[in-house]
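Asks: Okay, here's the structure, questions in a sec.
Bear in mind these aren't lab numbers, they're just calculated from the coordinates by the rules spelled out. Since the model is a prediction, treat every value here as computed from it, not as a measurement. Note that we place each Cβ from the backbone using ideal geometry, even for glycine, and neighbour counts take in every protein chain shown.
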Amino acid sequence: MTKVKKITNICCIGAGYVGGPTMAVIAQKCPHIKVTVVDLNEQRIADWNDTDLNKLPIYEPGLAEVVAEARDRNLFFSTDVGKAIDDAQMIFISVNTPTKTYGVGKGMAADLKFIELCARQIARVSKDDKIIVEKSTLPVRTAEALSTILNSTGNGVNFDILSSPEFLAEGTAISDLHTPDRILIGGEETEKGQAAMEALVAVYENWVPRENIVTTRVWSSELSKLTANAFLAQRVSSINAMSALCEKTGADVDEISRAIGADSRIGSKFLKSSVGFGGSCFQKDILNLVYLCRHFNLPEVADYWEQVIKMNDYQKHRFAKNIIDTLFNTVSGKKIAFLGWAFKKDTNDTRESAAIYVADELLQDRAEIHIYDPKVTEEQIFADICHCEEERRGNLLNSEATKDLLSRVIIHSDPYSAMQSAHAIAILTEWDEFKNYDWQKVYKEVLKPAFVFDGRNIVDKDQLAEIGFEVYNIGKGK
Ligand code: UDX
Ligand code: UDX
């Protein structure tokens, strides 16, 4: 029997939205394990080490408390990647795997260059056996590639590769990590592989019941992550497809969600119609799945999943177009207030946020956009807008073009100033605070007719209509 290694030292490469909170919770729940999170980005590590917990690089409810409890006890953030790898018995890889922007698989396949860099560095500095855990969402069979790189060093060090995708959702990361529906661990079916799996099971068993820890073969684990995200995104696209029909027929999409969600076979979650899903995972993972299917010559399967993304693009476009159409077919020179920029509430993450694409369409029609988000920085919003424009153009913006574009984007730290004298208000993120604004005061200060486009169906339509607003929702017929 291969002996199961008792883990007392963990390293995680990548201090992002996944690596940071996941390691903070492992450290909190396992005080006997030293956890070191490393990252190439020095600023990010400095922010994780900031004594002011408001300056942590990511915003997640409850995260600051967990970091406060474990940091400098058994949780450390460092830029010394080599040393942390060398010291650890178990290494989590949690670096980003964006969609490729060049070459073979451009716009579809996952870019594995960061993963490969990690593998090469691990191979270079390791002096004793290690268990490697893939936390990043990866294409199926990446573990095999990792294994090939790691085990070809010829220095006698043995590496076991596990796939343990993370299912936390941003905004609820800490509670998802504290009480996960399941922990998934994929490993090789050999005795050695099983022992590596047991070592990781033992880490999670410190707070997760054993029956909630699912073990599978590596490829099933890798593909389960893509499948879970594809299914979740598909639900959102399905309800969004119905929202378009609701608007034409006078039905109410929220009533439909409630009615169908009560069917226990369907279930009530992920049926909230919106301006479109965003986030770092859904689109990227589906594109990845589509690429895999095409690679294996399964065009029907590829087309089936690709439609989920097309529907999402359509939903974002529909929302922007409705604003332009309603504002008498042009928003040129008009002030549009944006409430929310993050891809969902309770996070400062903006990756693939629907707000970016809606803003882009309105900016192309030469609108002036005034943005308020409780957690996203001005710097991030400017970067998102410029990046989107560059993607569309296919080249980088020069300083004049950047200046022209950003002259029509104004960031506010106060929602009321963002809405003052606006031709229309668009709600892009479902932050709770938007529900409780003094809408009477807002009404007095906006131009009339006073339009509200609620991309999240969160404000009280009747109350706003009574004040005098003309409210447009997602999936609610007139
Ligand atoms: C990422 C992926 O997007 C997701 O698919 C996967 O499941 C987990 O990893 P996230 O943590 O949200 O998610 O990414 P990000 O916040 O960008 O963090 C990645 C970090 O890795 C960054 O801080 C980056 O600086 C760091 N990194 C990247 C390294 O330290 N080394 C590298 O070689 C590459
Ligand atoms: C997702 C998965 O939920 C998580 O398991 C995985 O680890 C990473 O990807 P995340 O992207 O952080 O998590 O957030 P999620 O709550 O899934 O929301 C994704 C997008 O869908 C958001 O833009 C959200 O606003 C939207 N959404 C979600 C809807 O529009 N309607 C819904 O009913 C649910």
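Asks: Can you give the charge dipole size of the chain about its Cα centre, rounded to the nearest 20 debye, using +1 on the beta carbon of Lys and Arg and -1 on the beta carbon of Asp and Glu?
Replies: The calculation lands at about 620 debye.
Asks: Still on this structure: For residue 403, go through the lysines and keep the ones whose alpha-carbon is under 26 Å away, minus same-chain ones fewer than eight residues off.
Replies: Straight-distance partners of residue 403: 316, 321, 334, 335, 375.
Asks: Among rounded, prolate and oblate, which fits the range 1-51 when a ≥ b ≥ c are the square roots of the eigenvalues of its C-alpha gyration tensor, a/c under 1.5 means rounded, and a/b larger than b/c means prolate?
Replies: prolate
Asks: In the range 41-102, what chymotrypsin sites (Phe, Trp or Tyr not before Pro) fall in a loop by DSSP, with at most 13 other Cβ atoms inside 10 Å?
Replies: Qualifying residues, ordered by number: 102.
Asks: Before rounding to the nearest 500, sum -39500 (n - 2.57) across all DSSP H runs of length at least 4 in the chain and divide by the residue total; then give [θ] at 222 nm in deg cm²/dmol.
Replies: -13500 deg cm²/dmol
Asks: Calculate the length of the line joining the C-alpha centroid of the range 295-310 to that of the range 17-91, in whole Å.
Replies: 38
Asks: Using only alpha carbon positions, build the gyration tensor of the range 254-301, then give the equivalent ellipsoid semi-axes as the square roots of 5 times its eigenvalues, largest first, whole angstrom.
Replies: 29, 15, 8
Asks: Per residue, what volume in Å³ does the convex hull of the Cα atoms of the range 134-265 enclose?
Replies: 144
Asks: While we're on this one: Tell me which residues come under 5 Å, amide H to amide H, from residue 75 once H is placed; ignore anything under 5 positions away on its chain.
Replies: 35
Asks: Also: From the square roots a ≥ b ≥ c of the eigenvalues of the alpha-carbon gyration tensor of the range 1-111, which class results: rounded (a/c under 1.5), prolate (a/b over b/c), or oblate?
Replies: Oblate.
Asks: Trypsin sites (Lys or Arg not before Pro), restricted to the range 105-172: which are DSSP loop and have at most 12 other Cβ atoms within 10 Å?
Replies: Hits after loop and neighbour filter: 106, 127.
Asks: If a/c stays under 1.5 just call it rounded; otherwise compare a/b with b/c (prolate if a/b is bigger, oblate if not). Do that for the range 73-174, with a ≥ b ≥ c from the square roots of the Cα gyration tensor eigenvalues.
Replies: In terms of gyration-tensor shape, oblate.
Asks: Picking from 115, 200, 164, whose Cα lies most toward the positive end of the charge dipole for the range 103-227 (charges on Cβ: Lys, Arg +1; Asp, Glu -1)?
Replies: Going by the charge dipole, the pick is 115.
Asks: For the range 38-55, take each phi angle, set θ = phi - 60°, evaluate the Karplus expression 6.51 cos²θ - 1.76 cosθ + 1.60, and give the result in whole Hz per residue in order, putting x for glycine and proline.
Replies: 10, 7, 6, 7, 5, 4, 4, 5, 4, 5, 5, 8, 5, 5, 7, 5, 6, 9
Asks: Can I ask one more? Per the Debye formula with a single identical scatterer at each Cα and no solvent contribution, what log10 I(q)/I(0) holds for the range 369-446 at q = 0.18, 0.27 Å⁻¹?
Replies: Result of the Debye calculation: -0.81, -1.33.
Asks: Just the ratio, please: alpha-carbon radius of gyration of the range 112-157 over 2.2 N^0.38 Å, N its number of residues.
Replies: So the Cα radius of gyration is 1.10 times the expected 2.2 N^0.38 Å.
Asks: Also, quick follow-up: State, to one decimal in nm², a quarter of the convex hull surface area for the C-alpha atoms of the range 319-382, i.e. the direction-averaged projected area.
Replies: Projected over every direction and averaged, the Cα hull of the range 319-382 covers 4.1 nm².
Asks: If you plug each phi of the range 169-180 into the Karplus form 6.51 cos²θ - 1.76 cosθ + 1.60 with θ = phi - 60°, what whole-Hz ³J(HN,Hα) values come out, in order, with x for Gly and Pro?
Replies: So the J values, rounded to whole Hz, are 10, 5, x, 10, 4, 5, 5, 4, 6, 5, 10, x.
Asks: Could you work out the relative contact order of the range 197-304? I mean the mean sequence separation of Cα pairs under 8 Å and 6+ apart, divided by the number of residues, in percent.
Replies: Once normalised by length, the contact order is 24 percent.
Asks: Taking a cut-off of 23 Å, what percent of all Cα-Cα pairs in the range 320-478 are separated by more than that?
Replies: 33
Asks: I would also like to ask the following. So what does log10 I(q)/I(0) come out to for the chain at q = 0.06, 0.11, 0.12 Å⁻¹, using the Debye formula with one equal point on every Cα and no solvent?
Replies: For the chain at q = 0.06, 0.11, 0.12 Å⁻¹, log10 I(q)/I(0) is -0.30, -0.96, -1.12.
Asks: Loop only per DSSP, at most 16 neighbouring Cβ atoms within 10 Å: give me the GluC sites (Glu not before Pro) in the range 171-280, ordered by residue number.
Replies: Answer by residue number: 189, 205.
Asks: Something else about it: Hey, how much of the P(r) for the range 226-329 falls beyond 23 Å, as a percent of Cα pairs?
Replies: Within the range 226-329, distances greater than 23 Å cover 35 percent of Cα pairs.
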